[in-house]
Amino acid sequence: MIKIIQGDITTLAVDAIVNAANQVMLGGGGVDGAIHRAAGPELYEACLKVPEVRPGVRCPTGEARITTGFKLPAKFVIHTVGPVYREITAPCGGSRPMGKRTRRAERVPRLHGEPEKLAACYRNSLALAMENGCKSIAFPCISTGIYGYPKEDAAEIAVREVEEFLAASTSAPCATVDEKNAEMDVIFCCFSTHDVAVYERLLK
Ligand code: ADP
C-alpha cells in the first residue's frame, strides 16, 4: 500500500526510513543531517563501521546500506545516495551565429544516467528493506534538495519504481520472503505541500 505523508521523516514509527545520504555516509545537510541529529551519535558510529568500497565511498550512488535507527522511532535507516542532477545543454552546433533555432537546440537537456541512478536508489532500498523483514518504509524525496533533481521528474521515477516493486512482490509465487512482505506499506514522506501535490497528482 502506498501513502503520502507531509512531515518530518525522523518522527515516523516505521520499520525503515530512507536517508538521502552522500557517498561517505557520515552525515550532511538536509534530511541526512536531520536523521543523524535525531538518531544520535550512535548512527555516526554505525556508519563509520560500514566498509568503504573505495576511499571516501561507503555507498556508491544508486546503492543502499542499512543501519539500526538508534534513537529514532524507526527500527532501521536505509542510506541511499541519489544522483546529483547535472543537466547540461546540447552543444549549439559550431560557430553558426546564434539564431532562434540554435537557441532552442541549446535547451535540450542531456543527463548523465541520473534517472537510472535514482531508480536504483528506490529499487535497492526496497530490496534491502525486504531482506530485513520490513513491513513499512518511508522515503524522502531523494535528490530533490541539495542534489537539484526536478521534483516532478524525481517523483515519477519514485512512484514507478515503488509500484513495480509492490506489483512484483504481491504476484510472486510463495517465496517466503516475498510472502512476508507482500503487504509492505510504502510512505512518501514529503517535507513541503508542493511535494505532496506532486505525489497526489501521480497517484490518483
Ligand atoms: P539530496 O541531497 O538527496 O537532494 P536533501 O536532504 O537536500 O537531499 O533533500 C531531499 C528531500 O528531503 C527534499 O525534498 C527536502 O525538502 C527533504 N527533507 C529535508 N529534511 C527532511 C525531513 N526532516 N523529513 C523529510 N524530508 C526532508
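Would you grab the residues whose amide H sits under 5 Å from the one on His79? Only those 5+ places off in sequence or on another chain, please, with H modelled 1.01 Å from N.
Answer set, sorted by chain and number: Asn19, Arg65, Ile66, Thr67.
Extending each Cα 7 Å along its Cβ direction at Ile4 and Ile88, get the distance between those two points in nm, one decimal.
The two pseudo-label positions are separated by 3.5 nm.
What is the distance, in nm, between label points placed 7 Å from the Cα along the Cα-to-Cβ direction at Glu152 and at Asp185?
Here the answer is 3.1 nm between the modelled labels.
Which peptide among 5-14, 41-50, 71-80 comes first, and what is the full order, when sorted by highest mean count of other Cβ atoms within 10 Å?
Going by the mean number of other Cβ atoms within 10 Å, highest first, we get 71-80, 5-14, 41-50.
Taken together, the values in this text are just the output of simple stated rules run on the coordinates, not laboratory data. Not measured: the values here are computed from a predicted model. Cβ sites come from the backbone with ideal geometry, for glycine too, and all protein chains shown count toward neighbours.
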